[in-house]
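J.: Once you've had a glance at the structure underneath, I'll fire off some questions.
The values are calculated or read from the model by the stated rules, or taken from the named source; none is laboratory data. A quick note: this is a predicted structure, and the numbers were derived from the prediction, not measured. Cβ: placed from backbone, ideal geometry, glycine included. Neighbour counts: every protein chain shown. For the accessible areas, the whole protein counts, side chains as well, though only heavy atoms, and no ligand, DNA or RNA atoms are used. Shrake-Rupley method; radii C 1.70, N 1.55, O 1.52, S 1.80 Å.
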Amino acid sequence: TDVRITHSVAGRGGSSFYGGAPGGHGGAIYNAATITGYRVTFDENSAGDGGESPHGDYARGGSGGAIYNEAGATLILYAATFAGNTHGYRIGLGNAVYTLGDAMFRSSTFLFNGGPSAAIAANGAGAVYLSTTIMADAPGCENFGVANLWDLGFNLATRGGECGLSTAWGSILNA
């Protein structure tokens, strides 16, 4: 069956006299274990905005507009669609997905995920695997640290070289 998760918002960071608290991670899902999904649509989800103090100091926004994948966690999605998701306001990362663990996307689509950050932000020692996936967001991926980005072949990307994609594996770049 199809699953659609839409318009979910992670908590906004609190405000206090001494400064704001960071926004919540994972607008739709915060994964700390293993998730496998098939034909799941994530649309219009958002990580939480950072809180503020009366002095105008702002805390960092939450990361992972649709999904936050914790270190040591595993995320496996087949035929997933990510559209219109955003990280939290004020320096959140990963409009669709922020991953510290392993993540695999097969036959999936990323489009119209907003904000200055990439659709997928990878950080930490995990690996991101892409296979027969459409990356219509620009930029498609950002790698902060030692994460490995793997092209398993036959992907389509609007910008070349991102997400570790290569024409050597049948992927089409700059489409």
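J.: Can you tell me which residues in region 137-161 are within 17 Å of Ala73 (Cα to Cα), modelled with pLDDT of 80 or more and crowded, with 18+ Cβ neighbours inside 10 Å?
T.: Within region 137-161, Leu149 is the sole residue that qualifies.
J.: When you go through (1) open to solvent by 10 Å² or more (accessible area, probe 1.4 Å); (2) assigned to a loop (DSSP other than H, G, I, E, B); (3) within 24 Å of His25 (Cα to Cα) one by one for Ala175, which number turns out not to apply?
T.: All conditions are met except number (3).
J.: Could you please let me know if Thr74 is crowded, with 24+ Cβ neighbours inside 10 Å, more than 11 Å from the chain's Cα centre (by Cα) and more than 18 Å from Ile5 (Cα to Cα)?
T.: For Thr74, the condition - crowded, with 24+ Cβ neighbours inside 10 Å, more than 11 Å from the chain's Cα centre (by Cα) and more than 18 Å from Ile5 (Cα to Cα) - is not met.
J.: Let me ask something else about it. Looking for whichever is open to solvent by less than 50 Å² (accessible area, probe 1.4 Å) and in contact with a His (Cβ under 8 Å, 6 or more places away or on another chain) here; the options are Gly61, Gly126. Which one fits?
T.: The conditions single out Gly61.
J.: From the list Ile134, Ile120, pick out the single residue that is in contact with a Gly (Cβ under 8 Å, 6 or more places away or on another chain) and modelled with pLDDT of 90 or more.
T.: Selected residue: Ile120, the only one of Ile134, Ile120 that is in contact with a Gly (Cβ under 8 Å, 6 or more places away or on another chain) and modelled with pLDDT of 90 or more.
J.: Can you pull out every residue in region 77-116 that is open to solvent by less than 30 Å² (accessible area, probe 1.4 Å), among the polar types (S, T, N, Q) and within 16 Å of Thr6 (Cβ to Cβ)?
T.: Scanning region 77-116 gives Asn85, Asn95, Asn113.
J.: Okay, next question. Quick check on this structure: which one of Gly13, Gly27, Gly23 is touching a strand residue (DSSP E or B) at 6+ places or on another chain (Cβ under 7 Å) and open to solvent by less than 20 Å² (accessible area, probe 1.4 Å)?
T.: Gly27
J.: Being in contact with an Asp or Glu (Cβ under 7 Å, 6 or more places away or on another chain) and of a type outside the set (Val, Ile, Thr) is the requirement here; does Gly19 meet it?
T.: When the stated conditions are applied, Gly19 passes them.
J.: Given (1) modelled with pLDDT of 90 or more; (2) open to solvent by less than 10 Å² (accessible area, probe 1.4 Å), identify the lone condition not met by Ser8.
T.: (2)
J.: Restricting region 42-53 to residues that are of a type outside the set (Phe, Trp, Tyr) and not in a loop (DSSP other than H, G, I, E, B), which is modelled with the lowest pLDDT?
T.: Residue satisfying both the conditions and the ranking: Glu52.
J.: May I pose another question? Any idea which residue in region 54-83 is nearest to Phe42 (Cα to Cα), counting only those that are in contact with a Lys or Arg (Cβ under 8 Å, 6 or more places away or on another chain) and assigned to a loop (DSSP other than H, G, I, E, B)?
T.: Once the filter is applied, the top-ranked residue is Ala80.
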